[in-house]
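Here the structure comes first, spelled out in structure tokens, and everything after it is commentary.
The values are calculated or read from the model by the stated rules, or taken from the named source; none is laboratory data. Bear in mind the structure is a predicted one, so any value in this text is a computation, not a measurement. We place every Cβ from the backbone using ideal geometry, glycine too, and count neighbours over all the protein chains shown.
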Amino acid sequence: MPTYGAGVTEVVPYRSLPVDQSDVRYAYGPDSCRQAGVPVGQTVEFAGDISEIYPGTSRKFWVHVPAQYRPSQPASLIVFLDGQWYLDPEGQVRGAIVLDNLIHQGDLPVTIGVFVDPGVIVGAPNPKNRNVEYDAFDDRLARFLLREILPTVQQRWSISEDPDQWGICGGSSGGNGAFTVAWLREDRFRRVMCCLSSFVQMPGGNPYPELIGRVPRKALRIFMQAGHRDLRWNEPESNWLAANLRVAAALAEAGYDFRLALGDGGHNPNHGGVLLPDALRWLWRRVGG
């Protein structure tokens with residue numbers, strides 16, 4: 001019998017595929033739940049002042065500091081866009097719980113999580129600034145994080161300067177926002193998790209399928225999650241599923257260190273949240289792992 005591939009073989013237990021994909025939900029693993037004996041980190045809330053890069057906006061952000069943090073040992077860092085959604089311990093991602101569990105197990109270095117909400121335009125009839133910040137193909141979001149959010153974190157806690165120890169994560173519009181931040185600032189962010197990315201909503205169109213292969217390969221490690229039943233999954237235009245698959249194909253053809261997890265769910269954070277522990281393990285794995 002021919003051998004396909006090389007290295008260690010992992011046998012995945014058999015599970016039948018659901019016939020009806022209309023309401024698929026994934027069960028959470030133990031790393032997404034509080035575990036006895038796992039030290040709980042401290043979460044500190046900050047109120048963002050009026051932004052210069054996004055004029056008229058304000059926001060909250062939270063910094064989760066693991067119990068193992070020591071000022072003498074600079075920590076790794078990961079930014080979560082849509083911070084409150086990703087931080088909520090009763091929500092569908094539970095980012096701080098996952099960080100505590102993986103750090104305790106030794107699967108992740110001591111990592112500080114920065115959970116940043118999108119901006120709100122004070123006094124505006126439509127105050128949400130999320131799509132402006134996350135869907136744009138420009139460097140404003142990266143500059144905002146690096147100039148207006150992370151200096152506060154770096155002043156209070158010791159953070160590694162190694163870009164291989166900096167990550168960013170987001171879903172939906174936050175997914176393409178995270179991708180763009182890393183794409184434009186690989187000198188700072190090199191670990192990226194993008195869930196159900198809304199590439200189709202980028203003003204001027206999704207640039208990545210054509211762009212990725214035309215520039216020298218960047219030093220990025222990218223974990224993508226997509227859903228068979230994402231928005232407009234079987235329609236000819238503005239198809240969320242197809243846009244993610246095109247980006248994944250471009251990354252594959254360009255030889256990137258990337259992984260695509262394709263599930264059966266729709267446009268909700270359930271599957272990405274379930275995958276977060278394994279995604280972080282993969283993103284921070286040793287080279288060749």
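Here is how the numbers come out for the structure above:
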quantity: Breaking point among (1) surrounded by 20 or more Cβ atoms within 10 Å (Cβ to Cβ); (2) within 22 Å of the chain's Cα centre (by Cα); (3) closer than 24 Å to Thr152 by Cβ, for Asp31; calculated: (3)
quantity: Check on Asp100, farther than 17 Å from Leu276 by Cα and touching a residue at least 40 places away in the same chain (Cβ under 8 Å); calculated: no
quantity: Test: Val8 is modelled with pLDDT of 95 or more, aliphatic (A, V, I, L, M) and over 21 Å from Gly265 (Cα atoms); calculated: no
quantity: Matching option when the condition is more than 30 Å from Gly123 (Cα to Cα), in contact with a strand residue (DSSP E or B) (Cβ under 9 Å, 6 or more places away or on another chain) and either in contact (Cβ under 8 Å) with a residue 24 or more places away in the chain or not hydrophobic (A, V, I, L, M, F, W, C) (or both), among Ala67, Ala27; calculated: Ala67
quantity: Number of the exception - Ile159 against (1) of a type in the set (A, V, I, L, M, F, W, C); (2) touching a strand residue (DSSP E or B) at 6+ places or on another chain (Cβ under 7 Å); (3) buried (at least 20 other Cβ atoms within 10 Å of the Cβ); calculated: (3)
quantity: Residues within region 115-140 that are in a strand (DSSP E or B), surrounded by fewer than 22 Cβ atoms within 10 Å (Cβ to Cβ) and of a type in the set (Val, Ile, Thr), tallied; calculated: 2
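Matching residues to (1) out of contact with any helix residue (DSSP H, G or I) (no Cβ under 9 Å at 6 or more places or on another chain); (2) among the aliphatic types (A, V, I, L, M):
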residue: Asp162; (1), (2): yes, no
residue: Cys169; (1), (2): no, no
residue: Leu184; (1), (2): no, yes
residue: Arg188; (1), (2): no, no
residue: Met202; (1), (2): no, yes
residue: Pro209; (1), (2): no, no
residue: Gly213; (1), (2): no, no
residue: Ala226; (1), (2): no, yes
